[in-house]
Amino acid sequence: MTNHFNVHHKADTVGVITVEGIEAGQELTGWIMETDETVVLKALDPIPIGHKIALGDIRSGDTILKYGHDVGKAVADVGKGHHVHVHNMKTKRW
C-alpha cells in the first residue's frame, strides 16, 4: 500500500503529500503518525509533492495546523481534499 500523505498530529487540518503525480480524483492513503492510523481521502486537485491537502473543510480565517503547529490562516474557504498553498492560505506573520 502506497502512503500518499503524512499527518503528524491528529489535530492537524492538513496533510503533506509525499509522492509525485497526485491528480484530481485520485484516492489517497495517509498516515497519522501520532496515532499510527491510516486514513483515505480523495484528492480534488492535482497536488505537488511537499504541498498540503485539506483533511476536512477549512473556512476562510481558520488556522491551518501542520506538524502540530499553527502555520498560517486560510484566506479562502478550502474544501476537504483540496490543495492548500499560497493561493488560499497566508502566514500570520505579515
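If you go through region 24-47 and keep only what is free of Cβ contacts under 8 Å to residues at least 24 places away in the same chain and either under 11 Å from the mean Cα position of the chain (by Cα) or within 17 Å of VAL84 (Cβ to Cβ) (or both), you end up with ALA24, GLN26. Among the residues of region 78-94, just one is among the β-branched types (Val, Ile, Thr) and touching a residue at least 40 places away in the same chain (Cβ under 8 Å), namely VAL84.
Against the conditions (1) open to solvent by 70 Å² or more (accessible area, probe 1.4 Å); (2) touching a Gly at 6+ places or on another chain (Cβ under 9 Å), GLU27 satisfies every one except (2).
Anything in region 8-23 that is open to solvent by less than 60 Å² (accessible area, probe 1.4 Å) and without any contact (Cβ under 8 Å) to a residue 60 or more places away in the chain? List them, or say none. Before the answer, list the steps.
If we filter region 8-23 for residues that are open to solvent by less than 60 Å² (accessible area, probe 1.4 Å), which is where we start, we get 12-19, 21-22.
If the condition is that a residue be open to solvent by less than 60 Å² (accessible area, probe 1.4 Å) and without any contact (Cβ under 8 Å) to a residue 60 or more places away in the chain, then ASP12, THR13, GLY15, VAL16, ILE17, THR18, VAL19, GLY21, ILE22 are the ones that fit.
Only one of the listed residues (VAL39, VAL86) is exposed (fewer than 12 other Cβ atoms within 10 Å of the Cβ) and aliphatic (A, V, I, L, M). That residue is VAL86. Within region 54-94, the set of residues being of a type in the set (D, E, K, R) and modelled with pLDDT of 95 or more comprises ASP57, ARG59, ASP62, LYS66, ASP70, LYS73, ASP77, LYS80, LYS90.
For region 55-65, which positions are open to solvent by less than 40 Å² (accessible area, probe 1.4 Å) and in a strand (DSSP E or B)?
Once the filter is applied, which keeps residues that are open to solvent by less than 40 Å² (accessible area, probe 1.4 Å) and in a strand (DSSP E or B), region 55-65 yields ILE58, ILE64.
The values are calculated or read from the model by the stated rules, or taken from the named source; none is laboratory data. Because the structure is a prediction, the values reported are computed rather than measured. Here the Cβ is made from the backbone with ideal geometry for all residues, glycine too, and neighbour counts use every protein chain on show. Each accessible area value is taken on the protein alone, full model and side chains, heavy atoms only, with ligands, DNA and RNA left out. Shrake-Rupley method; radii C 1.70, N 1.55, O 1.52, S 1.80 Å.
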